[in-house]
1. Of all the strands (runs of 3 or more DSSP E) wholly in segment A:496-600, which have at least 2 residues that are in contact (Cβ under 8 Å) with a residue 24 or more places away in the chain?
2. When segment A:745-777 is examined, which residues are found to be farther than 15 Å from A:Leu196 by Cβ, hydroxyl-bearing (Ser, Thr, Tyr) and within 13 Å of chain B (Cβ to nearest Cβ)?
3. Can you tell me which of A:Gly479, A:Gly457 is surrounded by fewer than 24 Cβ atoms within 10 Å (Cβ to Cβ) and either in contact with a Pro (Cβ under 9 Å, 6 or more places away or on another chain) or farther than 28 Å from A:Gly346 by Cβ (or both)?
4. Is there a residue in segment A:656-666 that is among the aromatic types (Phe, Trp, Tyr), surrounded by 24 or more Cβ atoms within 10 Å (Cβ to Cβ), out of contact with any Phe, Trp or Tyr (no Cβ under 9 Å at 6 or more places or on another chain) and assigned by TED's automatic domain parsing to the domain that holds A:Pro397?
5. Looking at (1) within 30 Å of A:Ala47 (Cβ to Cβ); (2) surrounded by fewer than 22 Cβ atoms within 10 Å (Cβ to Cβ); (3) more than 14 Å from chain B (Cβ to nearest Cβ), can you tell me which one A:Asp696 breaks?
6. Counting only residues that are under 28 Å from A:Pro630 (Cα atoms), give me the helices (runs of 4 or more DSSP H) lying completely in segment A:396-476 with at least 2 of them.
7. Can you pull out every residue in segment B:201-256 that is within 14 Å of chain A (Cβ to nearest Cβ) and of a type in the set (Asp, Glu)?
Amino acid sequence: MGVEGIGARVVRKEDKRFITGKGRYVDDIKLTGMTHAHFVRSPHAHAKVKGIDSSAALKMPGVVAVLTGQQIVDDKVGNLICGWAITSKDGSPMKMGAWPAMAPETVRFVGQAVAVVIAESKNLARDAAEAVVVNYEELPAVADVHAAIKSGAPQLHPEAPGNQVYDWVIGDEGATDAAFAKAANVVKLDVTNNRLAPNAMEPRAAIADYDAAEEHFTLYTTSQNPHVARLVLSAFYNIAPEHKLRVIAPDVGGGFGSKIFIYPEEMVALWASKKVGRPVKWTGDRTEAFLTDAHGRDHVTHAEMAFDANNKITGLKVKTYANFGAYMSLFSSSVPTYLYATLLSGQYNIPAIHAEVVGVYTNTTPVDAYRGAGRPEASYLIERLMETAARQLKVDPAQLRRTNFITQFPHQTPVIMAYDTGDFNASLDAAMKAIDYAGFAGRKAKAKADGKLRGIGVSCYIEACGIAPSKAVGSLGAGVGLWESAEVRVNPVGTIEILTGSHSHGQGHETTFCQLVAERLGVPISQVSIVHGDTDKVQFGMGTYGSRSAAVGLTAILKAMEKMESKAKKIAAHALEASEADIVIENGEFKVTGTDKAIALPMVALAAYTAHNLPDGMEPGLKESAFYDPTNFTFPAGTYICELEVDPGTGKTSFVNFVAADDFGRLINPMIVEGQVHGGLVQGIGQALLEHAIYDANGQPVTASFMDYAMPRADDVPSFNLSHTTTLCPGNPLGIKGCGEAGAIGASAAVINAITDAIGKNNLEMPATPDRVWRTIHAA
Amino acid sequence: MYQTTYHRASSVDEAVSLFGKSSEAKFLAGGQTLLPVMKQRLASPSDVIDLGKIKELQGVELAGDTLTIKAGTIYYDIMTNADVKKAIPAIAHLTSVLGDPAVRYRGTIGGSIANNDPAADFPAALLALGATVKTNKRSIVADDFFKGLFTTALEDGEIITAVSFPVPAKAGYEKMRHPASRFALTGVFVAQAKSGEVRVAATGASQSGVMRVPAIEAALKANWSPSAIDGVTISANGLLADIHGSAEYRANLVKVMAQRAVKAAG
């Protein structure tokens, strides 16, 4: 592998600038003549906008303009779109209400913008925004899914009667009913998957710069996928044609899905920049992040699992209500359907599955993909069901899982997915060994003597990553393809630039992608740079989410590398007067195998660009590009086991041990993979113990700051014990499955299974706050 | 933050004089509450008078059975002070679990009690130890000083100069942290005075701010041990409730934290 090749624990190249304060984020960028935007946002969850009086604000110092929702509609800026079409079980398309970038007539969640103030400074804009008088007529609001679907509930959108976006089904209902009719045992469970606020460290931000002479826009924004942003802004929002719009996503401080979407603020900044003839900057604050960044999860589910007399699962029935908030965000429709229900088979052989998902509008912040996106909800449900079943059937929870594991691959589940490979027993064995599962009973008894309730919880997760084969997702309603592109440029001096459509916002691409080049060419990673996040530099890309950058993005780079290497070998063979088939690449040199004849990469590159002595008919230059479209999803899987203690006096949970045995296929940089797992596990633990975005019955957010929304801190989580049980992914040449979301997908069930084991009661909702656990312990 | 005028006072007298000249002034101690509130635009003082550089407000003194902490002393200096650790280790402990390191390097005892946040730690120590609050005008005993949520006996422009604690026979403080804010979800300070008097104060629990807990005081007076509190029932009436702790849960915490504080006090 070499010291910097695939599998090496190379220190991250990008960290030098991050830890010395030299990162360049959107808010660090200052343009000449730049103005600042502050939005006037609704304090009401549901209201009619009867009038907006900007006269006082316009007289405030430094105010350039006050622009309203009616103006943006009048200027024919398009409404926000949802890019994945879902069809209800009755054959009707999903029912969506219009979402203008600023509300001209009706606001439907607290924080929705109705106007924007453009001023000479951020503070002046904020001062003036307070002077904008909005006359609202309050309407009844609804925040809870069950309340929203009741007859007589406040209605959000006339297009969606009963607040229902869709009622979608998957699987074979008849076969599933038949399995339940013959079941020896049926296990039932109601679970809520709590709503989360994503809370990337860097809040969202945008700078729009309109050049009137060129009729050209530049947008700097906190995006995980700048090309998709440009595509949507051009094709649907009428901002500008693609060649007149450059989108730059520079250093971005975390995304977790929340920065996939194109938000109203970017649209307004672009539109306003043209209106005022100056650059417009908007940087959200943390309160705006809580109010307007797309939230995650928020499912309410009833599920039943049927078993035969041998404890084999024979069927699964699921009904889920998904809270979408007030509007359908860009990929929201796909999250509780094709990213959720298609994973309901878990790691298990389940012959019949039927799931129904009802998507519901409420007067809350829109909900969309958040780290894991649908797959955490599926994994949590299945793993809570397995634990409940083990308790009900009085069998060891690990053994019940083993009894039902899929062991033959490929495996076609009843819910679309075809698992390509895996070894679920191997990861379960590794995790059980690491935590000394066999010795748990003794430790529990000892803890009891010390007055503590000790529990152990298993979670065997699987996810579909490497998103995604374009033809497959297209057939399911996706509005885009999900391939990736790359370009390899070898400069005349032999240094290398990799242009990628993937976007790094914490993942370490500037290191891992260089490691592939080091592996193949034997050059140090210091001679390689990664170019990403700029639509003027990189031809196209679908961006980073769904654990796809290595499995899809890096494979695209590999394809481009292979083309480049093929041409370079021809040049080397010509220079060395050897056969192309005899050329091998080692340590930065092209060698004639079995001889001491060699030519260094810089000489090959120089030859390509001087073009003085190239093979007949060869074009000069050494630059190749490739698009890679995966043939299947990848299926990372693993087992997490958590051991913890509950203090019966306070209900507080303390971790004793947390082990993770993951199968991510090939690892490029194990250190970076561990970091990804750590972060994911902490987010999963955060969901299980701490985090919950709460609204009161009238749609007022209760958790709009860190004083109320509990983010996990370092002392809330244990040191993790990680290991890998690897089966290579057969779907891509590098054998990569992806690692970005696993921790967040698998961790929460392990924690709740452990707490419920400790306290001896099965029903416990997330987050398992000390209060909630204490009340559950002491409930009659 | 709205525009404001900043003043740095070099003496208590100068601070009082500046206050008198301003329309809506606020004193700034460590700024751990006032500045975030101003940044949120929830407070808009015309003038901010910084007390942080006033020398006469700095320091700790132990004289006989009285520990005096000057109002502007930051938490870090309190928790590391040898006299505090010797005379009332429970105060050193309370300070060491107050906020986070950044807060402990800026926040002050005077700022904490003047603000009287219902979930602040120090009010419980003052109340349980029977401390006396010294101001530029008078002395106020703790029982008279705390008047409910964010309310104290302080008059307009009055500045706390020090807090005097009688050194107790035994004292202990334990709290359950609020999962989000890390303030005290509930904290209980127990103290047995050298006279034998037992005083117990709970913070974070009551809708009226820091409170004495007579039922636990009586139980501990009879028998200074954690098990003495086993039979005590704390009513949830009048207790705070929020998404992180119901009133019933806080009532339980008053009892459990009191037991643990007694154990810690020895």
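The values are calculated or read from the model by the stated rules, or taken from the named source; none is laboratory data. Given the structure is predicted, the values throughout are model-derived calculations rather than measurements. Counting neighbours? That spans all protein chains shown, and the Cβs are built from the backbone with ideal geometry, glycine included.
1. On the way: elements: A:496-500, A:528-531, A:583-586, A:589-592, A:598-600.
Filter on segment A:496-600 gives A:496-500, A:528-531, A:583-586, A:598-600.
2. Listed by number, the list holds a single entry, A:Thr776.
3. A:Gly479
4. Looking through segment A:656-666, at least one residue is among the aromatic types (Phe, Trp, Tyr), surrounded by 24 or more Cβ atoms within 10 Å (Cβ to Cβ), out of contact with any Phe, Trp or Tyr (no Cβ under 9 Å at 6 or more places or on another chain) and assigned by TED's automatic domain parsing to the domain that holds A:Pro397.
5. In the conditions (1) within 30 Å of A:Ala47 (Cβ to Cβ); (2) surrounded by fewer than 22 Cβ atoms within 10 Å (Cβ to Cβ); (3) more than 14 Å from chain B (Cβ to nearest Cβ), A:Asp696 misses (3) alone.
6. Working: elements: A:397-404, A:424-435, A:440-449, A:470-475.
Filter on segment A:396-476 gives A:424-435, A:470-475.
7. Result: B:Asp230, B:Asp242, B:Glu248.
Rundown of residues vs (1) out of contact with any strand residue (DSSP E or B) (no Cβ under 7 Å at 6 or more places or on another chain); (2) crowded, with 24+ Cβ neighbours inside 10 Å, yes/no style:
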| site | (1), (2) |
| --- | --- |
| B:Ala102 | yes, no |
| B:Phe122 | yes, yes |
| B:Ile140 | no, no |
| B:Asp144 | yes, no |
